[in-house]
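Chemist: Sharing a structure below in structure tokens format, with a few things to ask.
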Amino acid sequence: MSPREWTPVCRACGARNPGTWSRCPGCGGVQVLEGPRTVPTPSGAGGLWRFRDALPPVRHEITMGEGGTPLVRCERLAARTEVAQVLVKNETVNPTLSFKDRAMALGVSLARDADTPGVVAASTGNTAVSAAAYAARAGLPCRLYCAAGAAGSAKLRTAQAYGAGVEPVDGDFSSAHAAAAELEAEGWFPLTTTFRNPYLAEAHRTVALELFEQTGGSVPDWVLVPVGAGPLLVGAYEGFRALADAGRIPRVPRMVAVQVDACAPLVDAWRTNAATVTAANPRPTVAGAIADPLRGYEDEGVLTLEAVRESNGLAVSVPDEAVLAAVDDLARHEGLLVEPAGAAPLAALAALAADGTVAPDARVVLLATGHGAKE
């Protein structure tokens, strides 16, 4: 294999499917990328593309300055949770105010290279805004599918301001996911941020590479990540694993997948030590950005569970009341305004520290994924 070769491989049937961007064309199984898992020498470029040697190669690097987000030391939160060190990786300062910009920069770059008619995604909000913005930057049409109940949200109105077409469908996020998938048959490039497109999670490896730089080459004990399907957690885990394999860090941090009680299919599988994931029957929640039932693509959730288990981590869920309290704590005590989904890791940390799972001498990183200004 060439050092620059990246090939989608089906987890179900084992077929290698170069040149595909979605699920296996043979059996429909979820695909993962087989490719170099190297630790790059950062280039002089800014943000995400500093780590271009760790990413699938593209001819057109679409960027708006994503990546390179600050790591904020939160001493008041550390005192309140009685943990030695709490650091917040503030992904809310990306160009469209969420971590999704990393995946969209890579995905839209690949779409430009593939000369597709446009990009398509299912989204409850942050992906919609990011996909629409990056598609506009690249000069590509963008179509977005959402649950009908979310069609008038501020995030989707923002996506429309970038020129994207918004298509409401009856049902929840999984229903929108299925509708967006149908457009792929016409050649549209998939940007739905589950694991449907095997390339997108690779962009999130840069989160781990940045944390390595920002902590002076040390490694936190725990990294808490809000998850729907979980590509952010998996991408960050793969970045840490590459660092460990290269001898740059002694171990991978323990990865914690954080969901909300109202929609927690991964946590349900974790608690029963199940090898598979069962779709959830979601209830209304303030953390809609991570309320993904995984219906129809349950196998994608297994990728996240594997990363959690391999890192000796955890999958936990938190109630809406704790999430809202965490939103308030981040804003009032640290000056960080995040959406409810982005505050879920702090809610989980408070519970894990209180029951002794996270030790008082631990170093903890929370990923704050989306800005509260868009709520």
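The values are calculated or read from the model by the stated rules, or taken from the named source; none is laboratory data. Since we're looking at a predicted model, the values are computed, not measured. Neighbour counts are summed over all protein chains in view; Cβ atoms, including those assigned to glycine, are modelled from backbone coordinates with ideal geometry.
Chemist: Enumerate the pairs (first residue in region 163-189 and hydroxyl-bearing (Ser, Thr, Tyr); second residue anywhere and in a strand (DSSP E or B)) with beta-carbon separation below 6 Å, excluding pairs fewer than 6 apart on the same chain, so at least 6 apart or on different chains.
Modeler: So the pair list comes out as Ser175/Val169.
Here's the yes/no breakdown for (1) surrounded by fewer than 21 Cβ atoms within 10 Å (Cβ to Cβ); (2) in the same structural domain as Glu306 (by TED's automatic domain parsing); (3) among the aliphatic types (A, V, I, L, M):
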{"site": "Tyr162", "(1), (2), (3)": "yes, no, no"}
{"site": "Asp170", "(1), (2), (3)": "yes, no, no"}
{"site": "Glu182", "(1), (2), (3)": "yes, no, no"}
{"site": "Leu209", "(1), (2), (3)": "no, yes, yes"}
{"site": "Phe212", "(1), (2), (3)": "yes, yes, no"}
{"site": "Gly217", "(1), (2), (3)": "yes, yes, no"}
{"site": "Phe240", "(1), (2), (3)": "no, yes, no"}
{"site": "Met255", "(1), (2), (3)": "no, yes, yes"}
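Chemist: Looking at region 1-29, which of its residues are out of contact with any Leu (no Cβ under 9 Å at 6 or more places or on another chain), surrounded by 14 or more Cβ atoms within 10 Å (Cβ to Cβ) and outside any loop (DSSP other than H, G, I, E, B)?
Modeler: Cys10
Chemist: Restrict the check to region 149-172 and report whether at least one residue is under 25 Å from Arg16 (Cβ atoms) and at pLDDT 95 or above.
Modeler: Going through region 149-172, the residues under 25 Å from Arg16 (Cβ atoms) turn out to be none.
So far as region 149-172 goes, no, none of its residues is under 25 Å from Arg16 (Cβ atoms) and at pLDDT 95 or above.
Chemist: Quick check on Val252: is it modelled with pLDDT of 95 or more, in contact with a Ser or Thr (Cβ under 9 Å, 6 or more places away or on another chain), among the aliphatic types (A, V, I, L, M) and more than 16 Å from Leu209 (Cβ to Cβ)?
Modeler: No.
Chemist: Those residues that are without any contact (Cβ under 8 Å) to a residue 60 or more places away in the chain and either out of contact with any Asp or Glu (no Cβ under 9 Å at 6 or more places or on another chain) or buried (at least 22 other Cβ atoms within 10 Å of the Cβ) (or both), I need them from region 285-300; list them, please.
Modeler: Glu298
Chemist: Please give the number of the condition Ala280 fails out of (1) modelled with pLDDT of 95 or more; (2) surrounded by fewer than 21 Cβ atoms within 10 Å (Cβ to Cβ); (3) touching a Cys at 6+ places or on another chain (Cβ under 8 Å); (4) within 28 Å of His177 (Cα to Cα).
Modeler: Unmet for Ala280, out of (1) modelled with pLDDT of 95 or more; (2) surrounded by fewer than 21 Cβ atoms within 10 Å (Cβ to Cβ); (3) touching a Cys at 6+ places or on another chain (Cβ under 8 Å); (4) within 28 Å of His177 (Cα to Cα): (2).
Chemist: Being among the small types (Gly, Ala, Ser) and crowded, with 16+ Cβ neighbours inside 10 Å is the filter; apply it to region 30-57 and report the residue that is farthest from Leu209 (Cα to Cα).
Modeler: Just the residues of region 30-57 that are among the small types (Gly, Ala, Ser), to begin with: 35, 43-47, 54.
From what is left, the residues that are crowded, with 16+ Cβ neighbours inside 10 Å are 35, 47, 54.
On the way: Gly35: 17, Gly47: 11, Ala54: 10 Å.
Among those that are among the small types (Gly, Ala, Ser) and crowded, with 16+ Cβ neighbours inside 10 Å, it is Gly35.
Chemist: Then there is this: If we scan region 325-337, do we find a residue that is in contact with a strand residue (DSSP E or B) (Cβ under 8 Å, 6 or more places away or on another chain), touching a residue at least 24 places away in the same chain (Cβ under 8 Å) and either among the β-branched types (Val, Ile, Thr) or outside the structural domain of Pro253 (by TED's automatic domain parsing) (or both)?
Modeler: yes
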